[in-house]
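Report on one structure; see the data block that follows.
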Amino acid sequence: MNVAQLHQRPPQHVPTSRSAPPRLTHAQAVEAAKAISPRLAQRAAAAESLRRIPEETLNELHASGLMRLMQPKAFGGSELGLCALMDVVLELARGCASTAWVYSNLASHAWNLGQLEAQAQHDIWDQDPDALGATGLAFPCGKATPVAGGYRLSGKWPFGSGVDACTWMFVGAMTERPGGAPERRFFVVKAPDFKPMDNWHAYGLTATGSHDVVMDEVFVPEHRSVSAEVFAAGQNLPGARLYPNPLFQMPTFAAFAYVLSSIPLGTAKAAVDSFTDGMRHRASTYTGARVAELGPVQSRIAEASACVEFAEAVLRRDWTALEEGVMRGEFPSLETKLRWKRNAAYATTLCVKAIDTLMPAAGASGLMSHLPLQRQFRDVHAASAHIALTWDVHAAAYGQSALGLQPQGGLLL
């Protein structure tokens, strides 16, 4: 399928009629991702040209059941947890980091929407159980005013990854309170009350369609809003009372870094594996010597693979601790959340280092646009620039706490 054909897609926000996808176990979800991943690699260049995920890919993710991985079972989802999501994302990222980024965001947003009031969930999924929601979580970008029955909401939020595939937006805003400081709240808004701007032009994660999204004086009913502090804590959310699955009690801000850090990890793992396989039989263009016999190449493979293994080990340990702790009814302290966020950011720097280590040894072939390494290089650097994964931000926050200082304001903790 060429780029021109991929542009022939249903209009934005018009759901495609599909048969109900299967509910998946953890193992089935991983196998489905492994089956799809090679096709994502084949479409990666076309997806970059489109600057969004091709409709063909979205249809595959829906049909496989992967898009409903974390959706409540009450609406047809598999209601699987964070560990299942991460394992799926690691496989998808082997094929296309942009697709894995959009998938991880949209699949996890079904979990977040499942934490809301029952009526909000019925609004979202009764007519279209496949409905997806993008997010804009920067509170200062929005302003909300209480009115009868709800709120009036306006703002412009950046980086709505995957918004072209979505009929809903989940955004944060500073909300006026009579006689008090503004409150941070989240709001769920249905299309066409939000407008993507088609302004995502980026050198990495190019196909994520992470456009700015604008709303102007949109009415949001009370049942489609929630306090950011309640949302962050997790255990007191409406969804935690609706469903017995501890997933819906999970402190959501603590999990955000894992939703994203698995993409650079999967991308770096794919780069190391592909590079190593390619070097086994490659000969130097100028000398004819076997590249596999060159000491510097051997050392770079060792360093890159060590970076990836260390990153994966700490990420798996921490996201498993988060999930298992919630299952036991335990919730992380501020210090624990800051440590986890520090680790996710540092693991991301290791993933960047892994690919940076390989690039000089790849030679000119590493720059070829038809080969994946140059895209993986761009994508992993782009991922590391996200505030949830930026080392400088989370190193400072952890250091402040360790020294008895209050971490800087505005972080999602």
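Note that segment 314-400, at 37 °C in a medium of 0.692 mPa s, gets a Stokes-Einstein diffusion coefficient of 224 µm²/s from its Kirkwood radius over C-alpha pairs. In the Gaussian network model of the chain, springs joining C-alpha atoms below 10 Å, which of Ser333, Ser210, Ser37 carries the largest mean-square fluctuation? Maximum among the listed residues: Ser333. Rg over Rh for segment 125-170 works out to 1.04, both radii taken from alpha-carbon positions and Rh defined as the Kirkwood radius. Between Thr336 and Asn199, the contour length at 0.36 nm per residue exceeds the Cα-Cα span by 45.6 nm. Among the listed pairs Lys269/Lys341; Lys34/Lys190; Lys73/Lys190; Lys34/Lys341; Lys143/Lys195; Lys34/Lys73, give every one whose C-alpha distance is greater than 26 Å. With Cα atoms farther than 26 Å apart: Lys34/Lys190; Lys34/Lys341. Max-minus-min Cα coordinates of segment 19-105 on each principal axis give 38, 24, 20 Å, with the largest extent listed first.
For segment 353-407, the Cα-based Rg and Dmax, in that order, read 16.4, 51 Å. Distance from the alpha carbon centroid of segment 17-40 to that of segment 293-307 works out to 34 angstrom. Quick note on the chain: its Rg to Rh ratio, both from C-alpha atoms and Rh being the Kirkwood radius, is 0.98.
Shown for Arg185, Arg316, Arg241: other C-beta atoms within 10 Å of each C-beta, ranked fewest to most, produce the order Arg241, Arg316, Arg185.
Were the residues from Thr390 through Glu31 laid out at 0.36 nm apart, the gain over their Cα-Cα distance would be 126.1 nm. Calculated mean residue ellipticity at 222 nm for the chain: -16500 deg cm²/dmol, from DSSP H runs with n ≥ 4 weighted as -39500 (n - 2.57), summed, divided by the residue count and rounded to 500.
Exposure proxy ranking for Ser369, Ser98, Ser104, based on other Cβ atoms within 10 angstrom of each Cβ and starting from the fewest, stands as Ser369, Ser104, Ser98. Ordered by the count of other Cβ atoms within 10 Å of each Cβ, fewest first, Arg317, Arg300, Arg51 give Arg317, Arg51, Arg300.
Every read-out reported here was derived from the displayed coordinates using simple, explicitly stated rules and does not represent laboratory data. From a predicted model like this one, the values you see are computed outputs, not experimental measurements. Every residue, glycine among them, receives a Cβ derived from its backbone with ideal geometry; neighbour counts consider all protein chains shown.
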